[in-house]
1. Mind listing whichever residues of the stretch 31-84 are acidic (Asp, Glu), within 18 Å of ILE193 (Cα to Cα) and under 19 Å from the mean Cα position of the chain (by Cα)?
2. Restricting attention to the stretch 380-397, report how many residues are modelled with pLDDT under 95 and open to solvent by less than 10 Å² (accessible area, probe 1.4 Å).
3. How many residues does the stretch 96-124 hold that are touching a strand residue (DSSP E or B) at 6+ places or on another chain (Cβ under 8 Å) and not in a helix (DSSP H, G or I)?
4. Of all residues in the stretch 189-226 being within 30 Å of GLU351 (Cβ to Cβ) and in a strand (DSSP E or B), which is most open to solvent (accessible area, probe 1.4 Å)?
5. Mind checking whether some residue in the stretch 238-253 is of a type in the set (Phe, Trp, Tyr) and open to solvent by less than 30 Å² (accessible area, probe 1.4 Å)?
6. Could you check how many residues of the stretch 417-447 are without any contact (Cβ under 8 Å) to a residue 60 or more places away in the chain and open to solvent by 50 Å² or more (accessible area, probe 1.4 Å)?
7. Do you know which of the residues in the stretch 365-379 that are open to solvent by less than 10 Å² (accessible area, probe 1.4 Å) and modelled with pLDDT of 90 or more is farthest from PHE323 (Cα to Cα)?
8. Could you grab the pairs with beta carbons closer than 7 Å, sequence gap of 6+ or different chains, first residue in the stretch 217-236 and within 12 Å of HIS146 (Cβ to Cβ), second one assigned to a helix (DSSP H, G or I) and open to solvent by less than 10 Å² (accessible area, probe 1.4 Å)?
Amino acid sequence: MTAALTDPTTLSSSHRRIDAPKPRHATLTGWGRYPLSESDIYRPEKIAELQAVITSNATSLIARGAGRAYGDAALNDQNRVVDLTRLDRMLSFDPGAAILRCEAGVTIAEIIDVFMPRGFFPPVTPGTRFVTLGGSIAADVHGKNHHRDSSLASHVTSFDLMLASGEIRRCSRNENPELFWATVGGMGLTGVILELEIALRRIESAYLDGELIRAPNVDAAIEAFERTDAQYGYSVAWIDCASSGSALGRSVLNVGNFATLDQLPEKLAQDPLNIMPRLSPIVPFNLPGFTLNSLTVRAFNAALYMFHRDSAAHMIFDWDRFFYPLDSIRNWNRIYGKRGFVQYQCVWPPEESRAGLIEILEAIAGSRRASFLAVLKKFGAQDGLLSFPMPGYTLALDFPVTDGLFDFLDSLDAMVLKRGGRVYLAKDARLRPETFRAMYPNLAKWQQAKAVADPNDRFSSSLSRRLGMDPA
């Protein structure tokens, strides 16, 4: 199968008579449930069916994985969407090199289910495991180990990309490198990722040896990140966006490394790669709009900070609680009600991170638009034309969609931009095109590669049209 995939002539001739599957017309949203979008949705089960969908007509198309992008990156209002979740086979694994080859619809959760019992873990994972690898490459996702291991692209050795013509190109750092770097972080706009090879991480246990560190303000939080940078491969902080004054940016850091067998208690070391599944509560319906407001968020943040009263050295965490605390609450996006929410994630370069954090935290506290979920991480080195991370600190925030929110976020954009920062496209739903162009200086280079791969601009999305990403 793999040989045929690298030969577009073989694929097109042997499957010439296959028709595109019939679409269904439906309303879609991202994980933030804003905005709404209507599209014809195709769900091919075979590569040849996907090729038929892509080449069947000239209407624009965007690929969609598990639907966990927050905004409109995987939406294509009044146009076509191709759902890749059925193209989810694991094709081969080399345990010596730890290289997995699989289709793009495989999720990080499926990799963990299959390979953690064998002593392997994804090299990079975002805050949810319910994302496909194809979507993760398109967004060039990052995790709690970016300061040490960069983003997912650093661990992808190659992928096969179907272009608008139906042709398939093998892309890597050495083969079609311009297309490789345009696709990584390119939000699905160069083509559809079919298969990929990724290097997994070897682990001795499913537990992490780490610390909880209580930081009374933003300066203490940054000091803790810097102090533990070399010691721990994974680090993240919950940050209180409702606090102010001397408590501005008070945080609780969670840092750790995968535990070796000699670091585990005797009972856990007897079966180190097995953790019993835990119950996952569900948010059964949309909560009323008044549930999240400045008072309830302030009270929640104060209680959470007080709960972590003392720092703890060398705690043992299981992988699920450490990496995916929100995955344990099914349909947690219903907390924000029918109106939906916007996630705002920005990053500043190192020399501007402290001032940028203080500026935005003060603006949020003053606006009384306190974020219910706020996360602070440290980034390291990064490649990719449109990849979001850069060395520095990144802050992720959730805001329910309410009157005046977008004007407020425009003001945050201006603060981020003046300090040389940028906003994450995979979580965006409202950034202005002129701001986007200023934040992403490699856009012109990306557009050149896009024009070669997709000269008729067949791959397009609600996000790309809103931001004016398409080549002129």
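The values are calculated or read from the model by the stated rules, or taken from the named source; none is laboratory data. Quantities reported herein were computed from a predicted structural model and do not represent experimental measurements. Glycine gets a Cβ as well: all are built from the backbone with ideal geometry, and neighbour counts include every protein chain shown. These accessible areas exclude ligands, DNA and RNA; they are computed on the full protein's heavy atoms, side chains included. Shrake-Rupley method; radii C 1.70, N 1.55, O 1.52, S 1.80 Å.
1. Answer for the stretch 31-84, where residues must be acidic (Asp, Glu), within 18 Å of ILE193 (Cα to Cα) and under 19 Å from the mean Cα position of the chain (by Cα): just ASP83.
2. Going through the stretch 380-397 one residue at a time, the tally reaches 0.
3. Total satisfying the criteria: 16.
4. ARG214
5. Checking the stretch 238-253: not a single residue is of a type in the set (Phe, Trp, Tyr) and open to solvent by less than 30 Å² (accessible area, probe 1.4 Å).
6. 9
7. It comes out as PHE379.
8. Close Cβ pairs satisfying both conditions: SER235/PHE225; SER235/THR228.
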